[in-house]
1. Give me the pairs: first residue in region 37-53 and outside any strand (DSSP E or B), second residue surrounded by fewer than 12 Cβ atoms within 10 Å (Cβ to Cβ), beta-carbon distance under 7 Å, and six or more apart or on different chains, which are they?
2. How about region 3-26: which of its residues are out of contact with any helix residue (DSSP H, G or I) (no Cβ under 9 Å at 6 or more places or on another chain), assigned to a loop (DSSP other than H, G, I, E, B) and at pLDDT 75 or above?
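The values are calculated or read from the model by the stated rules, or taken from the named source; none is laboratory data. Since this is a predicted model, take the numbers as computed values, not measurements. Neighbour counts are summed over all protein chains in view; Cβ atoms, including those assigned to glycine, are modelled from backbone coordinates with ideal geometry.
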Amino acid sequence: MEKYLIDTISMKSRHDQIFCVNDYGVEGELKLNNWYEIICEDSNVYTLKNEWGEIETYSKNRFKKQKPNKPL
């Protein structure tokens, strides 16, 4: 049986993550252009762990969510 090295980073799915596109607020709390795992989602906010390890809620306006590539 052959063995292969697999890069686990390339296998990560971003379906449960969001991308920070607006870093207003406390400096260093969130990194711009960084992916964050969604802990909980409400109609207007995401709950996630910030750069300081705190679980906080943030406006959905600050993030983009990856959408699946589906043919029309």
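1. If the second residue must be surrounded by fewer than 12 Cβ atoms within 10 Å (Cβ to Cβ), the pairs left are E51/G28.
2. Result: D16, single match.
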